[in-house]
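**Student:** What follows is a single structure, and I will ask about it in a moment.
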Amino acid sequence: MERIREHPILGEPEKGKTVKFTFDGKEIEGYEGEPIAVALKAAGVMVHRYTKKEHKPRGIFCAIGRCTDCVMVVDGKPNIRTCVTPLAEGMKVQTQYAVSAKEDHVS
Amino acid sequence: MQNTAQVIIIGGGIIGCATAYYLAKKAISVIVLEGSDHIGNGGSSRNGGGVRQSGRDPRELPMVTWGIKNLWPYLTEELGVDVEYTQKGNLRLGKTPNHLNILQRLTDRSAACGLDVKMIDGDEVRQINPYLSKEVIGASWCPTDGHANPLTATLGFYKKARELGVRFITGEPVIELKKVKGKLRKIITSHYTYEGEQVLVAAGYESRAITAAVGIDIPMQAVKMECLVTEAEPYMFEQMLGTAEADFYGHQSKHGSFVFGGSTGLETYNKDNGKQISTSLGASCTCRGIIGYFPALSDAKIVRAWAGYIDECADKIPVISQVEEVPGLYVACGFTGHGFGIAPGAAYNIAEIISEGTPTVDMRAFRYDRFQAKI
Amino acid sequence: MKRYDLIVVGAGPSGLSAAIEAARQGLSVIVFDENEKPGGQLFKQIHKFFGSKEHKAKIRGYQIGRELLAEADKVGVQVKLNTTVIGMYQDKEITVCIEENVRHYKGDSIIIATGAAENMVTFEGWTLPGVIGAGAAQTLMNLHGVKPGAKILMLGSGNVGLVVSFQLMQCGCEVVALVDAAPTIGGYGVHAAKVARCGVPFYLSHTITKAEGKDHVTGVVISEVDNNFQPIPGTEKHFDVDTICVAVGLSPMSQLLKMAGCKMEDHPRRGGEVPVVDAYGETSISGVFAAGDVSGIEEASSAMIEGRMAGVCAATYLGFCEKEEKEEILSGLSKDLDSLRQGMFAPKNRGKNIDKTEEGIAVSDNLLQKGYIADDEIERYPGVTDKKGIHPVIECSQNIPCNPCQDACSRKCIKIGKKMTSLPSINDEAECSGCGMCVASCSGQAIFLVKEDDEEGYATVTLPYEFLPLPQKGEKGVALSRSGKKCCEAEIVEIRNVPAFDHTSLLTMKVPIDMVKTARFFQASQKGGDRYG
Amino acid sequence: MDKVNDRFRDIGAFTPLADDDMLICRCEEITKGEIRKAVHEGMYTMTEIRRYLRCGMGLCQGQTCAKLVKGIVVRELGVLPTELEPATSRVPMRPVEMRVLAKEEGRC
């Protein structure tokens, strides 16, 4: 989804420097310090994970760290709330299947 | 409302629910009165889920072993609720020579009673559970121990007993027991008076105040303990774990979350605001205990911590007994924090005492009148 | 253990206000907030606030946030961000996650101002990526500068649903419809009107029956509902959307108070489980207070007053403030709070069916059902008059405690009077200078300047405009009616944008004279009518 | 006695509804039908429902579903929302890594 370049009330968004990170192995750019979920959203990524029981896709839902729907595997650690975890250079972000980055953990 | 039954059980924990179930199976009418608003709201749903023989007082072993052989493996099917019983052994871990001494003493004591338990070294420990720290130098290993889900087990007994016609009433704290013509008969609550031929008091620490009305005192104290649970994690291991110094104990549940209990050493002195509030120290202390043995769990996230009271009996084993001097009174309390695993067996046998007078397992060790001065 | 006179949890409008008030009284105060930025919801609120000068009316939410922060800093309040309070225990102890540690703190008093969380409704497909809370949309667009979606359907016609719909359009998203199961719009009519005149259709008595899509939302089906809120088969309507935004109310986030053992109650009118508090927010544990949405869902303006009340009470509790002074401050604040809790949308009127204004004028049914006042209804309101020369037309039809327009006019053209909820009326004696301050000051964007005798056969309409790109002078396009329908050709004859207007541009468009009472929005015609910029 | 405490009170038989497979607890993936059925199996309080089904016990601890679950239970039991107490709030307010919880500062 597009970034807002200029806003009628807020002007130009203040963003830090751009950093590179990977999403499922693919290199993506985002701004340092913004939530991982925002960088993914700007890159058009909708699905953050597939659930354990039903194998259903989930993405951003509350965007403020409460609902925990947007969790992903970040730098090898599962269940990271991407909407409140700041993006850093070189982060390895992976789609989460149940509670890991491996699809076979979905039962 | 029907206020009378053959048996009135005071306390809707796992003992009360399971005893109600076993009595109902014998077509005996039962009313269960629970003081709190929820079934199984005491230790029954606040414990770590161990179904274990090792490390127990030898007096408890016949009962718990009988339950593990005859009841636990069939409970899920019998109750129609997954109690998540897993019998994959118990490791009690040690890091120092002193720990090993403690473990050796416990092992010898249990082995002497015929339990299959032995000491193993650090490498053998890590063969069973490869995630344990290199600092672990030995453990006691009991392959027939295991764990289950205390929440579904307690509520499963409740559900099944209810199906068989047991009347459960929550929010019904008992104010007084009353004898009629020499026999315990009436149970008075703030709402009603209930009447039964036999009365089982299985209300944890609160049993003490309840039986006081008929002049019976079980020497117990309420001790506040704490537990915590992580998010669901990928499957790691199936054993029940403990440590020589009881820094923590717990297991990975079928759901994937890790359930652990631990102690700060301040349990006996913990105060409360009437809400079983967690202490500010407990969760952190337990986490340190776990990480010390289980560095792989450092990143596991705690989603919930809670506190609850154990009914610690003077000699650390329960009272499960008929009280002959008060005709009609039976007591099952003082389980001292290890009542979950033994509960089905205890309930089955007290139900037999209530209904037939003779239990399958010898229960004389649990008599209410066993307490003596030390000199 | 580190101890403060006052610990405040939550750096939103009420928490910051509480901290400021207490620090002014001399208390050592620390505020914890789990977010990266302070201000709570204020920094997501980019519209001008309602109320009076005392309530910071006509100032945008994020600017109020900045003012509060500056004030907090000035009086020595420590605001700790990225710090999550994870527990509250006995003896007013809290544990806080800071960086990668847990720290213990004690407060001699504690104010919980943790705000609210969004409610949800379920429908088929509600767990699909692309179904988001309205708060999530605000967070994404107003805090992080990314569009929540391209084509969006909004569920919920309360103020949050209305305001967020408008904000979505401001950042360049298309809102395809606004849906609510209720038969009438829940939020302010003026908020609805500014959404409707942009062309967004309102579907009241409708609900979402299905979110379509395999891995994420690709469409949505809505259905009309019967009196029991059950979908009526055969009334389904489909929209292609990539995002469904849900704004169905808020619930107090009172968990910390409950955890600590405060007496709680389930209070449907306050939005859910709230602490039992006295008039100034003190809970059943003495020295522990609740302020803002955590003790009952209301507007940010009232949250700020509640915060200040709790701050003063904490100061008194600890002996920093004399009883007389406390009572004086509280009586002033109570008066302020009371003035905000008036009008049709007052907490006491929640759920009531109000069919007449305080002035005895029938409310606009069309406004409640479609989001705009119909042409045959508009003339009943005292702000709508015919007059020679340039003059304001105020399409304000509901009693809301709000009066900036009265203060905005230096010529005293606009009259509200002492009662803040009264509908504004036009003072026939006074002469409008056409300065446009009233247009820019109206938080509901309900004021227009009209000049009927501009040139033969034409009139001009000046309207508030908060979209990009701004049309150019001389640009031609179409005028939209209150209902968002094209009503005539229009030409921009003037664009005004001065600092005093605070980012609200004033567009003056020339329209045929017979459209002067109808034309209320401008849509540029070129580039496929890209009205959203 | 209030309606929630009498576990023998007749609340009618469980009858399936068209939307029983609607997911209610997003974290633990518990459906409306499972919740309704649990009520009929005797789980009359929010606490019991949580313990029995695990709904509201996942990563978010019921932040999203608590009100939805309560609505379903209230309807099934035929009681007023105010008659049914919400479930207990527990530490920690957000998921916290063990290594973070283990590192305490400021306690002497």
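**Student:** Can you find, within the range D:1-39, the residue that is nearest to B:Y158 (Cα to Cα) among those that are of a type in the set (K, R) and assigned to a helix (DSSP H, G or I)?
**Tutor:** Among them, the one singled out is D:K37.
**Student:** Looking at B:S284, B:S278, which one is of a type in the set (S, T, N, Q), crowded, with 21+ Cβ neighbours inside 10 Å, touching a Gly at 6+ places or on another chain (Cβ under 9 Å) and under 30 Å from D:A102 (Cβ atoms)?
**Tutor:** Checking each option against the conditions leaves just B:S278.
**Student:** Of all residues in the range B:7-46, which are in a loop (DSSP other than H, G, I, E, B) and among the polar types (S, T, N, Q)?
**Tutor:** Once the filter is applied, which keeps residues that are in a loop (DSSP other than H, G, I, E, B) and among the polar types (S, T, N, Q), the range B:7-46 yields B:S29, B:S36, B:N41.
**Student:** Take the residues in the range B:322-375 that are assigned to a loop (DSSP other than H, G, I, E, B) and of a type in the set (G, A, S), then tell me which one is surrounded by the fewest Cβ atoms within 10 Å (Cβ to Cβ).
**Tutor:** Top of the filtered list is B:A373.
**Student:** Still on this structure: Any residue in the range C:26-39 that is under 28 Å from C:G189 (Cβ atoms) and either of a type in the set (D, E, K, R) or within 14 Å of chain A (Cβ to nearest Cβ) (or both)?
**Tutor:** yes
**Student:** Separate question: Can you tell me which residue among D:T82, D:T88 is modelled with pLDDT under 95, part of a loop (DSSP other than H, G, I, E, B), surrounded by fewer than 21 Cβ atoms within 10 Å (Cβ to Cβ) and out of contact with any Gly (no Cβ under 8 Å at 6 or more places or on another chain)?
**Tutor:** D:T88
**Student:** Among the strands (runs of 3 or more DSSP E) contained in the range B:63-176, which hold 2 or more residues that are away from chain D (no Cβ under 14 Å)?
**Tutor:** It comes to B:90-94, B:118-121, B:138-142.
This table checks each residue for (1) within 14 Å of another protein chain (Cβ to nearest Cβ); (2) assigned to a strand (DSSP E or B).
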{"position": "C:D454", "(1), (2)": "no, yes"}
{"position": "C:A490", "(1), (2)": "no, yes"}
{"position": "C:L507", "(1), (2)": "yes, yes"}
{"position": "C:D514", "(1), (2)": "no, no"}
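**Student:** Given the range C:72-121, what strands (runs of 3 or more DSSP E) lie entirely inside it while holding 3 or more residues that are within 9 Å of chain D (Cβ to nearest Cβ), touching a residue at least 60 places away in the same chain (Cβ under 8 Å) and over 30 Å from D:C25 (Cβ atoms)?
**Tutor:** Passing ranges, in order: C:101-112.
**Student:** So for the range D:3-17 (the condition being among the small types (G, A, S) and touching a His at 6+ places or on another chain (Cβ under 8 Å)), does at least one residue qualify?
**Tutor:** Within the range D:3-17, one or more residues are among the small types (G, A, S) and touching a His at 6+ places or on another chain (Cβ under 8 Å).
**Student:** For the range B:283-335, how many residues are closer than 28 Å to D:A87 by Cβ, within 14 Å of chain D (Cβ to nearest Cβ) and touching a helix residue (DSSP H, G or I) at 6+ places or on another chain (Cβ under 8 Å)?
**Tutor:** 12
**Student:** Considering each of C:A430, C:A479 in turn, give the residue that is small (G, A, S), at pLDDT below 95 and touching a strand residue (DSSP E or B) at 6+ places or on another chain (Cβ under 9 Å).
**Tutor:** C:A430
**Student:** Check B:L23, B:L106, B:L93, B:L61 and return the single one that is over 26 Å from D:L84 (Cβ atoms) and within 18 Å of the chain's Cα centre (by Cα).
**Tutor:** Answer to the check: B:L61.
**Student:** Could you tell me which numbered condition A:A88 fails, if it satisfies all but one of (1) under 22 Å from A:T18 (Cα atoms); (2) within 7 Å of another protein chain (Cβ to nearest Cβ); (3) assigned to a loop (DSSP other than H, G, I, E, B)?
**Tutor:** With (1) under 22 Å from A:T18 (Cα atoms); (2) within 7 Å of another protein chain (Cβ to nearest Cβ); (3) assigned to a loop (DSSP other than H, G, I, E, B) applied to A:A88, the lone miss is (2).
**Student:** Mind listing whichever residues of the range C:143-166 are assigned to a helix (DSSP H, G or I) and crowded, with 24+ Cβ neighbours inside 10 Å?
**Tutor:** Scanning the range C:143-166 gives C:V160, C:G161, C:L162, C:V164, C:S165.
**Student:** Check whether at least one residue in the range C:211-221 is within 14 Å of chain D (Cβ to nearest Cβ) and either under 26 Å from C:D293 (Cβ atoms) or part of a strand (DSSP E or B) (or both), and report yes or no.
**Tutor:** Taking every residue of the range C:211-221 in turn, at least one turns out to be within 14 Å of chain D (Cβ to nearest Cβ) and either under 26 Å from C:D293 (Cβ atoms) or part of a strand (DSSP E or B) (or both).
**Student:** Still on this structure, please answer the following. Restricting attention to the range C:122-136, which residues are within 8 Å of chain A (Cβ to nearest Cβ) and part of a helix (DSSP H, G or I)?
**Tutor:** Listed by number, the residues that qualify are C:G135, C:A136.
**Student:** Still on this structure: Only one of C:D407, C:D338, C:D376 is outside any loop (DSSP other than H, G, I, E, B), surrounded by fewer than 20 Cβ atoms within 10 Å (Cβ to Cβ) and in contact (Cβ under 8 Å) with a residue 24 or more places away in the chain. Can you tell me which?
**Tutor:** Details: C:D338 fails: in contact (Cβ under 8 Å) with a residue 24 or more places away in the chain; C:D376 fails: in contact (Cβ under 8 Å) with a residue 24 or more places away in the chain.
Only one candidate passes the filter, namely C:D407.
**Student:** Sticking with this one: Hand me the list of strands (runs of 3 or more DSSP E) wholly inside the range B:185-259 holding 3 or more residues that are within 14 Å of another protein chain (Cβ to nearest Cβ) and touching a helix residue (DSSP H, G or I) at 6+ places or on another chain (Cβ under 7 Å).
**Tutor:** In the range B:185-259, the matching strands (runs of 3 or more DSSP E) lie at B:220-232.
The values are calculated or read from the model by the stated rules, or taken from the named source; none is laboratory data. Everything numeric in this text was worked out from a predicted model, so none of it was measured. Here Cβ is always computed from backbone atoms with ideal geometry, including for glycine, and neighbour counts include all displayed protein chains.
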